[in-house]
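Notes for the one structure printed next.
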Amino acid sequence: MNAGYVYVLINPSMPGLIKIGRTLLDSRQRARQLHTTGVPTPFQLAFELFSEDHETLEASVHERLRDFRVAENREFFRYPLDKAISLLLEISTPPTREDAIFVAEDITDKVVKKYSDYLKPEIRFIRIVQSEDRVWLETTIETEIAGYLKDQQITRTDLGFIQDYSEIPLFNPDDSISINITRFLDEFDAHGICMTVDLFTENACREICGSKQEPQDTHEMVS
């Protein structure tokens, strides 16, 4: 067996198409490699899944979607993204390594749609990342250097400390990533986000929490 990742990429210039492939190391790097002069917009990593036999998993999903393949020698499929993710989850086998990342799904567009007025403008990607015993919120911040280079900072926040009203963890790794994403988007409100994770601007959090307090002047002398 050969461990690695099976990924799903999307591209705004290719509406309705998804690319399903595999890589040993970094799905994001693979997405960047595919941004050639013949493709006007970059590929976006919508989903990735760790598999201890990623070659077999990729071959299996390609076979299941053979009727939707655009060309026999290309990994592009005209198939709904959400159904492709469900299919990968259905036919995959959870890893035996406890420290292995099992699955990650991009929720950037969904969060932007719901909270566009609140989000920090430097946030480029937002994902839910889930292993056998952890659920994280992963954010990627991009900053420009010298006008064209981009520096990325990726931060993961363990969501295990967040509890519901019954003091039960809201984000449970025993549940599917789809369930945890639904909880984050539908059950976890803007106030909860302000109190626990770093997605919103300071002004947005003051507005959401109803606070009229001005931020303390850190340069003020204390007597």
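Here, each number is a calculation from the coordinates, and none is a lab measurement. Quick caveat: nothing in here was measured; it's all calculated off a predicted structure. Because the Cβ atoms are built from the backbone with ideal geometry, glycine has one as well, and the counts that use them run over all protein chains shown.
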**Asked** Hey, got the dipole for the chain? About the Cα centre, +1 on K and R Cβ, -1 on D and E Cβ, debye to the nearest 20?
**Response** 1020 debye
**Prompt:** For Asp67 and Glu122, FRET efficiency with R0 = 30 Å and r from the beta-carbon atoms, rounded to 0.05?
**Reply:** 0.10
**Request:** Would you work out which of Ala59, Ser13, Phe102 lies farthest towards the positive end of the dipole of the chain? Charges go on Cβ: Lys and Arg +1, Asp and Glu -1.
**Result:** Ser13
**Message:** If I stretch the segment between Asp174 and Thr93 completely, what's the gain in nm (0.36 nm per residue apart, minus their alpha carbon distance), one decimal?
**Reply:** 27.7 nm
**Asked** Say R0 is 25 Å: what FRET efficiency, to the nearest 0.05, do Arg206 and Lys114 get from their beta-carbon distance?
**Response** 0.85
**Fill in**
Unpartnered Cys in the chain, judged by a 4.7 Å Cβ-Cβ cut-off, are Cys209
**Prompt:** Calculated FRET efficiency, Arg134 and Ala59, Cβ-Cβ r, R0 41 Å, to nearest 0.05?
**Reply:** 0.90
**Request:** Rounded, prolate or oblate: pick one for the range 107-215, where a ≥ b ≥ c are the square roots of the eigenvalues of its C-alpha gyration tensor, a/c under 1.5 means rounded, and failing that, prolate if a/b is larger than b/c, else oblate.
**Result:** oblate
**Prompt:** In what sequence, highest mean first, do 55-64, 166-175, 102-111 appear when ranked by Cβ atoms within 10 angstrom?
**Reply:** 102-111, 55-64, 166-175
**Request:** Run the quick spin-label model on Tyr165 and Glu75: label points 7 Å from Cα toward the beta carbon, then report their separation in nm to one decimal.
**Result:** 4.6 nm
